[in-house]
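Any read-out appearing in this document is the output of simple, stated calculations on the displayed coordinates, not a laboratory observation. Predicted model only: the values in this text are computed from it and were never measured. In this analysis, Cβ positions are derived from the backbone assuming ideal geometry, glycine residues included, and neighbour counts consider all displayed protein chains.
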Amino acid sequence: MKRSKELTEKRKDFVNDYVKRNQDKQMKVIVTELTEMLFLSERTIYNIIVQD
């Protein structure tokens, strides 16, 4: 369980950092790039972004 929690925290941090670094792009483009990099659904990425 602990490992899973650590991985989700790292993933969340990565997504948030990526969004901050690429603020000049449209959100749809950022989400598409993250979807391809992390193999996550768009919904999951949007949920991670909204949580913060």
- Message: Of the listed values (1) 12.1, 41; (2) 10.9, 36; (3) 20.9, 66, identify the label whose number matches Rg and Dmax of the Cα atoms in Å calculated from this model.
- Response: (2)
- Message: Please compute the modelled spin-label separation between residue 43 and residue 20, points set 7 Å along Cα→Cβ, answer in nm with one decimal.
- Response: 2.9 nm
- Just how many pairs of Lys in the chain have C-alpha atoms closer than 19 Å, counting pairs that are eight or more places apart or on different chains? 6
